[in-house]
1. Just give me the residues in segment 114-138 being within 22 Å of Val148 (Cβ to Cβ) and either more than 16 Å from the chain's Cα centre (by Cα) or of a type in the set (Val, Ile, Thr) (or both), in sequence order.
2. In the list Ala44, Ala29, which residue meets the criterion of being among the aliphatic types (A, V, I, L, M) and under 23 Å from Ala151 (Cβ atoms)?
3. Out of the residues in segment 66-97 that are more than 18 Å from the chain's Cα centre (by Cα) and among the aliphatic types (A, V, I, L, M), state the one that is modelled with the lowest pLDDT.
4. Which number in (1) without any contact (Cβ under 8 Å) to a residue 24 or more places away in the chain; (2) under 18 Å from Leu28 (Cα atoms); (3) of a type in the set (S, T, N, Q) marks the one condition that Gln153 misses?
5. For segment 20-76, which residues satisfy the criterion of being basic (Lys, Arg) and farther than 19 Å from Asp86 by Cα?
6. With respect to the numbered conditions (1) at pLDDT below 95; (2) more than 25 Å from Met24 (Cα to Cα); (3) out of contact with any strand residue (DSSP E or B) (no Cβ under 8 Å at 6 or more places or on another chain), which one is the sole condition not fulfilled by Pro114?
7. So in segment 101-160, with the set limited to residues that are assigned to a loop (DSSP other than H, G, I, E, B) and among the small types (Gly, Ala, Ser), which one is surrounded by the fewest Cβ atoms within 10 Å (Cβ to Cβ)?
Amino acid sequence: MRAEERQPEDEEVQGEMTNDRPEMPGSLAGGCMCRAVCYRISAAPIAAGLCHCDRRRPHSASAFSTVIIIRRSTIEIEGETAVFDDIGSGGLHVARGYRPRCGSPLTTEPDVKPDLMFVKAGGIDANEWFRPVMELFVGRRRPWVAPVPGAQQLEGNPPI
């Protein structure tokens, strides 16, 4: 077929699909749905993952929670937030941060790892780079959710 006879759809069909994603940035920004809370994270996340635990599912209002793991010292939060004090799946205290006005879940701060915290990936302004490298509490994954190909499958908290 000559080039002038090709239809635009032919090029789409012939083009290769790739899994190319933008690189994970060295710093991140995000916030809540009403934008009254904004945060900046000054370093690249330690990891990105999905959590299927019985506590993060309701916090995310979904079958799993999509999170990044960061050092607490790298985040600066501006705006009014509230904390729901909870007991995590491991039996220890967990502080679940959210925005009271719009209800956006923002962070999870587990006592089990005082220097680390989880940030909800949906609140990050530019998150096209996100790809889970681990799944947590996979024994509690809903039966209709497939494992992420290539992601480490863990029965509990990450070994960080």
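1. Within segment 114-138, Val119, Ile124, Val133, Val138 meet the criteria.
2. Only one candidate qualifies: Ala44.
3. Leu92
4. The failed condition is (2).
5. Arg21, Arg35, Arg40, Arg71
6. Every condition holds for Pro114 apart from (2).
7. Per the criteria, the residue is Ala146.
The rows are residues; the columns are (1) touching a residue at least 60 places away in the same chain (Cβ under 8 Å); (2) touching a Lys or Arg at 6+ places or on another chain (Cβ under 8 Å); (3) not in a loop (DSSP other than H, G, I, E, B).
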position: Ala48; (1), (2), (3): yes, yes, yes
position: Cys53; (1), (2), (3): yes, yes, no
position: Pro58; (1), (2), (3): no, no, yes
position: Ser62; (1), (2), (3): no, no, no
position: Ile68; (1), (2), (3): yes, no, yes
position: Glu76; (1), (2), (3): no, yes, yes
position: Phe84; (1), (2), (3): no, yes, yes
position: Gly90; (1), (2), (3): yes, no, no
position: Gly97; (1), (2), (3): no, no, yes
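The values are calculated or read from the model by the stated rules, or taken from the named source; none is laboratory data. A quick note: this is a predicted structure, and the numbers were derived from the prediction, not measured. For neighbour counting, all protein chains shown are included, and Cβ atoms are generated from backbone atoms with ideal geometry for every residue, glycine included.
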